[in-house]
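Reviewing the structure listed below.
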Amino acid sequence: MNESYIFDKKQNMKRLIAPSLLACDFGNLQKDICMVNESEADYIHCDIMDGVFVPNISFGFPVLEYVKKYAEKPLDVHLMIVNPENYLQRYKEAGADILTVHWEACTHLHRVIEEIKNLGMKAGISLNPHTPVDLLTDILQDIDLVLIMSVNPGYGGQKYIERSYSKISRLRQMCNEAKPDVLIEVDGGVDLTNAGKLFNAGVNILVAGTTVFRADNPKKMISDLKKAT
Ligand code: DX5
Ligand code: ZN
């Protein structure tokens, strides 16, 4: 098997990092995007909140378009909104490469996933901390990514929920059986104390906001997270 986006040449799982712009300095957004461009990060994680699905509002299309203009890495867009099906085309146009919707926000999830893929984006599903991974059994074959929320979505800087490790291990087992190239991403409270353990549990992509953008040396932090044991 050749090198892929999920396995390296030695068939080890790649360790990918997606800094979350939610914690960046929005007054110097271009500077922070350039930092991510120059770093070992693999994606730029963009959190979209509507004040309905989650009790917070972040940013919308104009900011996302601006991020796309300067980003040299794919945009990993995490929609924490109700009725995401109404905006899929607009997220594509704004520059999303991966588009993740919440399981809890979609009644017709299969249709939403098909539309995301038909628009040429990778399709992800995110699960809130209380949502069991087993609910993905009948859709795992159809998706590219699962985003496990390891905090309740809505805010950066929250404490990692320990139970997330066992959800990730179980999900990795399910993916190995059903579709081994599904990427597992974890989001919330990620830092150097849990990064290594998360990779070992089967995570491919770590999202990190506060840990990266509040670090004295964000580029070094991205590199350290990648190597964490
Ligand atoms: C929370 C967002 C996260 C957030 C993570 O709802 O989905 O992406 O930015 O922030 P930290 O890394 O600070 O927990
Ligand atoms: Zn997120």
statement: Under the rule rounded for a/c under 1.5, else prolate if a/b exceeds b/c, else oblate, using alpha carbon gyration tensor axes a ≥ b ≥ c, the chain is classed as rounded
statement: From DSSP H assignment alone, runs of 4+ in the chain each adding -39500 (n - 2.57), the sum over residues rounded to the nearest 500 puts [θ] at 222 nm at -9000 deg cm²/dmol
Surface share of carbon and sulfur [accessible, 1.4 angstrom probe, percent] for segment 94-229: 49
- prompt: Around ASN56, what is the net charge, scoring Lys/Arg as +1 and Asp/Glu as -1 over all other residues with Cβ under 10 Å from its Cβ?
  reply: -2
query: What net charge is computed for the residues neighbouring GLY95, neighbours being all others with C-beta under 14 Å from the C-beta of GLY95, Lys and Arg scored +1, Asp and Glu -1?
result: +1
- request: Would you mind getting the accessible area per residue of the chain, heavy atoms of the protein chains only, 1.4 Å probe, in Å²?
  value: 45
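The values are calculated or read from the model by the stated rules, or taken from the named source; none is laboratory data. Here the structure is a predicted model, which is why all the values come from computation and not from measurement. Glycine also receives a Cβ, built like all others from the backbone with ideal geometry; neighbour counts cover every protein chain displayed. These area figures cover heavy atoms from the full protein model, side chains too; ligands, DNA and RNA do not enter into them. Shrake-Rupley method; radii C 1.70, N 1.55, O 1.52, S 1.80 Å.
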